[in-house]
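As structure tokens, the structure follows; a few thoughts come after it.
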Amino acid sequence: MERLNAAMAPAPVRPVKVLQFGEGNFLRAFVDYMIDIANEKSDFNGSVALVKPIQMGTLFPAFKEQDYRYTVMLRGLVDGQAVEQTRVVTSVSDAVDAYADYARYADYAKLPSLRFIVSNTTEAGIVLDKTDEFSLCPPKSYPGKLTKFLFERAEAFDYAQDKGLIILPVELIDDNGIMLKKCVKTLAKQGPGAAGAGHRGGDHHHQDLAPRRHRRGPGPGYRPGNSGPGGPGVSGGSVGPGQAGVPGL
């Protein structure tokens, strides 16, 4: 079977509007899936750039070979009838390793079209690491990375109101947005002198999303069947070489 690629699943070139920390099954089969639908059914017109937020491991080599296309399958019951829906997701346009390719990752802070940051860095990701250093490229923790990213964006656009970002953490902890904001504000005081001023006139908003993580399926009456590691209602079977999809989805 031929490997899935852009020629098989073409899509318009769209500006990157979403930077996503985390490339796991849940975000790709839930958030990126919904953005793909938003592109189809609304005027969102944006793509997602994935960031590998930790040093260990590697990005799926097959993912880039597939031009960041992958397949999501939903199986369940609608009005008592078995339903199976398959969709090739085309909303992801790039994937970058924040450690191996820091310069390219950092360039996203200067991207005018960027509007959202989504994260799922696991339940241990939103923690205050007082040993983190602003000078590191990148800082060790996710809050440290976000703090430096927001500061560099503010500096790049001279703290312009319309270049602020909407922060959407989906880590499964209580008050994830509030906790992340506290970490960022604390770490900002440890950065360059200007970092503490990073809040002047800023337009960065956070939204707690973890309580919505258990949204089940595409609409009313949908009852998921197979729930794999990709999230509720998403088949979690492994996909081998040459098949449409990303391994593990």
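Values quoted throughout were computed directly from the atomic coordinates according to the rules given, and no laboratory measurement underlies them. Since the structure is predicted, the reported quantities are computational estimates derived from the model, not experimental observations. Positions of Cβ are backbone-derived with ideal geometry, glycine not excepted, and every protein chain shown enters the neighbour counts.
Points to keep in mind about this one:
- Some residue of region 138-146 being in a loop (DSSP other than H, G, I, E, B) and touching a residue at least 60 places away in the same chain (Cβ under 8 Å): no
- The single condition among (1) touching a Ser or Thr at 6+ places or on another chain (Cβ under 6 Å); (2) of a type in the set (A, V, I, L, M); (3) closer than 26 Å to residue 153 by Cα that residue 13 does not meet is (1).
- Restricting region 101-122 to residues that are assigned to a loop (DSSP other than H, G, I, E, B) and touching a residue at least 12 places away in the same chain (Cβ under 8 Å) leaves a set whose member that is surrounded by the fewest Cβ atoms within 10 Å (Cβ to Cβ) is 112.
- Qualifying residue in region 151-160 (condition: assigned to a loop (DSSP other than H, G, I, E, B) and among the acidic types (Asp, Glu)): yes
- Restricting attention to region 70-114, the residues being under 30 Å from residue 155 (Cα atoms), in contact with a helix residue (DSSP H, G or I) (Cβ under 9 Å, 6 or more places away or on another chain) and of a type in the set (Lys, Arg) number 1.
- Test result for residue 172, farther than 20 Å from residue 102 by Cα and part of a strand (DSSP E or B): no
- Lone unmet requirement of (1) hydroxyl-bearing (Ser, Thr, Tyr); (2) within 28 Å of residue 4 (Cα to Cα); (3) under 13 Å from the mean Cα position of the chain (by Cα) for residue 105: (3)
- Considering only residues in region 1-38 that are of a type in the set (Asp, Glu) and part of a loop (DSSP other than H, G, I, E, B), the one that is surrounded by the most Cβ atoms within 10 Å (Cβ to Cβ) turns out to be 23.
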